[in-house]
Number of protein chains: 2
Amino acid sequence: MSLIVAKFGGTSVASPERIKNVAKRLVRIRQNGNQVVAVVSAMGKTTDELVGLAAALNDNPPSREMDRLLSTGEQVSMTLLAMAIEALGYKSMSFTGRQAGIMTDGTHNKARITKVDNERIEAALAAGVIPVIAGFQGIDANGDITTLGRGGSDTTAVAVAWGINADVCEIYSDVDGVYTTDPRVAPRARKLDEISYDDMLELASAGSGVLQSRAVEFARKWNVVIHSRSAFSEAEGTYIKEETDMEEAVITGIAHDTSEVKVTIRGVPDNTGVAAKVFSALATNAVSVDMIIQNISEDGITDISFTCPGADLPRATDTMERILPEIDAREFVVDEDIAKVSLVGTGMKSSPGVAARAFQTLGENQINILAISTSPIRLSVVVDAAQTTQAVRCLHTAFGLDSDSVFEETQLSAEEIAAKMKKGR
Amino acid sequence: MSLIVAKFGGTSVASPERIKNVAKRLVRIRQNGNQVVAVVSAMGKTTDELVGLAAALNDNPPSREMDRLLSTGEQVSMTLLAMAIEALGYKSMSFTGRQAGIMTDGTHNKARITKVDNERIEAALAAGVIPVIAGFQGIDANGDITTLGRGGSDTTAVAVAWGINADVCEIYSDVDGVYTTDPRVAPRARKLDEISYDDMLELASAGSGVLQSRAVEFARKWNVVIHSRSAFSEAEGTYIKEETDMEEAVITGIAHDTSEVKVTIRGVPDNTGVAAKVFSALATNAVSVDMIIQNISEDGITDISFTCPGADLPRATDTMERILPEIDAREFVVDEDIAKVSLVGTGMKSSPGVAARAFQTLGENQINILAISTSPIRLSVVVDAAQTTQAVRCLHTAFGLDSDSVFEETQLSAEEIAAKMKKGR
């Protein structure tokens, strides 16, 4: 008998019909001899709709009220799921973040969990109840509702799994696990049976959207095993855990991210302190700079480029307009059509030559590298957005990640996927 | 300076635009030198939509979960209103039933308030905040959310007004007060400046839909002055209070109710205990019998008629089918096209002849009386539904209630109003 935390995202509970399916799935877990605790997100687009209502009333809604507003989304889905489970003849009770003992700090809209006290959940389990917990929410020391930020339900699930000492935290979604790369881009992508926390974190921060980084960080810290799997099939997904049993591959996966933009400052006098001035001004203006490229200077004049999230671009542009006269630079240009492609793998540390092989492969495929950055277990290159698919595919093949079978879903190019994601922002 | 509780119903907060208007109204109350606490219902049809979602998942949803589900409606509207007030430059905070200290018994779906502890509301007022309280909800001794039943937000408002010792509890709606009768039926209806709790309760129970009976009962018990007024105009509405300053009229108002049905059992042997058998069977089957009419028997055979809410008709029919053979009656017939017209007035007690004048008026207008019932301050007659408008109008004139001015809104007959109400059930 295992004790399982099962988290279902907004897509899985978007309609009464889907909620019924989730209820059936939970009951099956019980029928297989396990104990189970459910964690749910808000139904479908509920959170976006609530944000829209708030925006119609206040350009800058008070964060305390915003959290109270958003938390209602999960309160609806939790009660509906509990009702659906009861309709199948099993006892169920819903619990808000407060009742599930999710204590947080007072940072409204992106609170951090400070304590987990799952006493009521354990009592419910002991009474044969299937507890359903509202994801994404907790309470602060004042007893006010807080929310954990977008995707915070994954974090709730991991925190509850740790709190009740569950054997596994199953995170159900519309993908059936973690792939070596996005199968919609590279149809020969392979589903991983296991992946280490470190590799998963690098993949997530490099643009792979399967799991929230914070949830994985929490899981790593408290050694909670995550099982990322499909809500629509019984197939095993991917286990995220400390040590994997598999022989270590050099490269675990390839992520791509088209949400960043590149800003280049031209004609910068190459004086001491100029870079510091630029990047401290950007930091003050809350621009998250990712990569920095400085060209070799000619005649004491150089170019400085950096990449940052597209969402930060208005603030970056502001900063540039203000700082350009101060540093006596000529101009700045923005390139939104870029993509970051990242090779990730803990095995990289003990295997030299990854960068050389990657650059050679890209070169053979006529893909120009606009910028490079590395960490001990990641190598990222920036390329022209139009070449994303080609870059991902040739690297995937070159590093031996190709599967024998071909992913069957209608294939979208990385560019089409990026367009869809931008639309959905 | 007055301390005012202002309650706004679902229609008043049905859209962001209307919420903004409510916020402006609250700010005006403050600008006029008063302190104000708002109580809100859920936006528009939210509660109905939530009930629909629950029904799709469970034919008999657990009442604890149902209350948690329904309570989210007010949690959304309260936060949005607080945001709208803040956007006008005034401090505001929302409070759930729990945070506002509305303690109830554990009767989910129609809990009764047991205690009001408005400490946090008083602290907020002292800090210059406009508190916004979620109507309709409280918590029981287990810390679980309860709801007060349909229209419970009025009761919340009265309870809060009592708890903070407010000068008045203003209940805003789409009507501008209590009228001598429904102005859509009788355009010469007159708005009352004041009405006593007792008259208001009789009018409400006789079908006048302005205020919830429970809220008025609570107000009478704790001596809270209610001011029923329009959300869409600044005009004074109607004060509901213990003693009115006005010279007492014989009749305060006329209510009509087309939601009841009449059931007649024909050919009943006039034996001892037959009536007891019929009405105890109806009571067991949860049929709320209103009026009972027994004809004078001929040859030991009689007819028994009763009226009950239309919603109880399926259960009444069930009961009849089961009991008919037992009491050896011939048949039963149902008449859904009836209306109850009620004259209400505390002054009736000291003024004999009301019944005589009413019957004479109806007779002169060729309106047949199908049944009669009375209380010390109410006289109700059942008439053919097609004659409702005529009955209300001639009684309104006969008892001197007509106003000099004519109500201007598009006039609907009582029958059209009844049809609309039935559709909306």
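The values are calculated or read from the model by the stated rules, or taken from the named source; none is laboratory data. Quick caveat: nothing in here was measured; it's all calculated off a predicted structure. We place every Cβ from the backbone using ideal geometry, glycine too, and count neighbours over all the protein chains shown. All accessible areas refer to the heavy atoms of the entire protein, side chains included, with ligands and DNA or RNA removed. Shrake-Rupley method; radii C 1.70, N 1.55, O 1.52, S 1.80 Å.
Per residue, how many Å² of accessible area does chain B show with a 1.4 Å probe? Don't skip to the answer; put the middle values down first.
Numbers: 18060 Å² over 425 residues.
Solvent-accessible surface per residue comes out at 43 Å².
Find, among the chymotrypsin sites (Phe, Trp or Tyr not before Pro) in segment B:239-312, those assigned to loop by DSSP (not H, G, I, E, B) with at most 10 other beta-carbon atoms within 10 angstrom. Intermediate results must be reported in sequence, preceding the final value.
Values: sites: B:239, B:279, B:306; in loops: none.
Nothing satisfies the criteria.
Give the nm distances, rounded to one decimal, from residue B:301 to the matching residue in every other copy, measuring between label points 7 Å along Cα toward the beta carbon; shortest first.
Inter-copy label distances (nm, one decimal, shortest first): 11.7.
Which GluC sites (Glu not before Pro) from segment A:287-375 combine a DSSP loop assignment with at most 14 other Cβ atoms within 10 Å?
Values: sites: A:298, A:321, A:326, A:331, A:336, A:364; in loops: A:336.
Within segment A:287-375, the qualifying GluC sites (Glu not before Pro) (loop, at most 14 other Cβ atoms within 10 Å) are A:336.
Excluding ligands, DNA and RNA, what is the accessible area buried between chains A and B, summed over both sides, using a 1.4 Å probe, to the nearest 100 Å²? Write down the numbers at each step before the final one.
Values: alone 19600 and 19590 Å², together 36140 Å².
Roughly 3000 Å² of accessible surface disappears when A and B pair.
Which shape class applies to the protein assembly as shown: rounded if a/c is under 1.5, otherwise prolate when a/b exceeds b/c and oblate if not, where a ≥ b ≥ c are the square roots of the Cα gyration tensor eigenvalues? Can you show the working numbers first?
Working: a/c = 2.98, a/b = 2.01, b/c = 1.48.
Prolate shape, in that a/c is at least 1.5 and a/b is the bigger ratio.
Among B:403, B:305, B:351, determine the one that fluctuates most according to a GNM of chain B built with springs between C-alpha atoms less than 10 Å apart.
B:351
If you restrict to DSSP beta bridges whose two residues both lie in the protein assembly as shown, what percentage is antiparallel, to the nearest 5?
60
For chains B and A related by rotation, which residue of B has the Cβ nearest the axis, and what is the rounded distance in Å?
B:72, 2
Evaluate the charge dipole of segment B:245-425 about its Cα centre and quote only its size in Debye, nearest 20, assuming +1 on the Cβ of each Lys and Arg and -1 on the Cβ of each Asp and Glu.
Numbers: 15 positive and 27 negative charges, 69 e Å.
My answer is approximately 340 debye.
Mind ranking B:308, A:394 by accessible surface for me, highest first, 1.4 Å probe?
Working: B:308 0, A:394 20 Å².
From most exposed to least exposed: A:394, B:308.
Step through the residues of segment B:145-150 one at a time and calculate ³J(HN,Hα) from phi using the Karplus curve (6.51 cos²θ - 1.76 cosθ + 1.60, θ = phi - 60°), rounding each to whole Hz and writing x for Gly and Pro.
Values, residue by residue: 6, 10, 10, 9, x, 3 Hz.
What is the spin-label model distance, in nm, from residue B:270 to residue A:270 if the labels are put 7 Å beyond Cα along the C-beta direction?
Distance between the two pseudo-spin positions: 12.0 nm.
Within 11 Å, Cβ to Cβ, of residue A:93, how many net charges do the neighbouring residues add up to if Lys/Arg are +1 and Asp/Glu are -1?
Values: positive: A:91, A:120, B:64, B:68; negative: A:86, B:65, B:144.
Summing Lys and Arg as +1 and Asp and Glu as -1 gives +1.
What is the local net charge at residue A:114, summed over the other residues whose Cβ is closer than 10 Å to its Cβ (Lys, Arg +1; Asp, Glu -1)?
On the way: positive: A:112, A:115; negative: A:105, A:140.
So the environment of residue A:114 carries a net charge of 0.
Which whole number gives the average count of other chain Cβ atoms within 10 Å of the Cβ atoms across peptide A:48-55?
For this peptide, the per-residue mean of nearby foreign Cβ atoms is 3.
When Cβ neighbours within 10 Å are restricted to other protein chains, what is their mean count per residue of peptide B:91-103?
Working: counts 1, 2, 5, 5, 1, 2, 0, 2, 4, 0, 0, 0, 0.
Per residue, the number of nearby Cβ atoms from other chains is 2 on average.
With the label 7 angstrom out along Cα to Cβ, how close does residue B:49 come to the same site in each of the other copies, in nm, nearest first?
0.4
Under 5 Å between amide hydrogens, which residues at least 5 positions from residue B:225 or on another chain qualify, with H placed 1.01 Å from N in the peptide plane?
B:169
Under 8 Å for C-alpha pairs, at least 6 residues apart: give me the relative contact order for segment A:1-134, rounded to a whole percent. Mind showing how you got there, number by number?
Working: 218 pairs, mean separation 36.0, N = 134.
About 27 percent, as a whole number.
Determine the calculated [θ] at 222 nm for chain A from helices alone, applying -39500 (n - 2.57) to every DSSP H run no shorter than 4 residues and normalising by the residue count; nearest 500 deg cm²/dmol. Each step should come with its number before you reach the end.
Values: 12 runs with 150 residues, N = 425.
Estimated from H runs of four or more residues: -11000 deg cm²/dmol.
Which of A:123, A:261, A:57 sits farthest toward the positive end of the charge dipole of chain A, with +1 on the Cβ of Lys and Arg and -1 on the Cβ of Asp and Glu?
A:123
Residue by residue through segment B:132-138, what is 3J(HN,Hα) from phi via Karplus (6.51 cos²θ - 1.76 cosθ + 1.60, θ = phi - 60°)? Round to whole Hz and write x for glycine and proline.
Once θ is set to phi - 60°, the couplings for segment B:132-138 become 10, 10, 5, x, 6, 9, x Hz.
If you stretched the chain out fully between residue B:51 and residue B:283, how much longer would it get, using 0.36 nm times the residue separation minus the C-alpha to C-alpha distance?
Stretched fully, the residue B:51-residue B:283 segment lengthens by 80.8 nm.
Which residue fluctuates the most in chain B, going by a Gaussian network model with Cα springs under 10 Å, if the choices are B:293, B:113, B:164?
Sorting by GNM fluctuation, first place goes to B:293.
Quick one: which residues, 5 or more positions from residue A:179 or on another chain, have an amide H under 5 Å from its amide H? H modelled 1.01 Å from N in the peptide plane, none for Pro or chain starts.
Placed amide hydrogens put A:192 under 5 Å from residue A:179.
Give the long-range amide H neighbours of residue A:270: residues separated by 5 or more places, or on another chain, with amide H under 5 Å away, using H modelled in the peptide plane at 1.01 Å from N.
A:301, A:302
Within segment A:57-73, find all residues whose amide N lies under 13 Å from a label point positioned 7 Å from the Cα of residue B:123 along Cα-to-beta-carbon.
none
For a quick check, take a GNM of chain B with Cα springs below 10 Å and name the residue from B:371, B:84, B:281 with the largest mean-square fluctuation.
Of B:371, B:84, B:281, the most mobile in the Gaussian network model is B:281.
Using the Karplus curve 6.51 cos²θ - 1.76 cosθ + 1.60 with θ = phi - 60°, work out ³J(HN,Hα) for each residue of segment B:97-109 in order, rounded to whole Hz, and write x for Gly and Pro.
x, 4, 5, 7, x, 8, 8, 10, 6, x, 6, 4, 6
If you put +1 on each Lys and Arg Cβ and -1 on each Asp and Glu Cβ, how big is the dipole of the protein assembly as shown around its Cα centre, in Debye rounded to 20? Display every interim value, and only then the final one.
Numbers: 82 positive and 114 negative charges, 131 e Å.
The dipole magnitude comes to about 620 debye.
Report, for residue B:333, each distance to the same residue's label point in the other copies, shortest first and in nm; define the point 7 Å along Cα→Cβ.
Reported distances to equivalent positions: 9.3 nm.
So how far, in whole Å, is the C-alpha centre of segment A:260-291 from the one of segment B:54-93?
46
For segment A:1-138, with all protein chains present and a 1.4 Å probe, just round the carbon and sulfur fraction of the accessible area to a whole percent.
48
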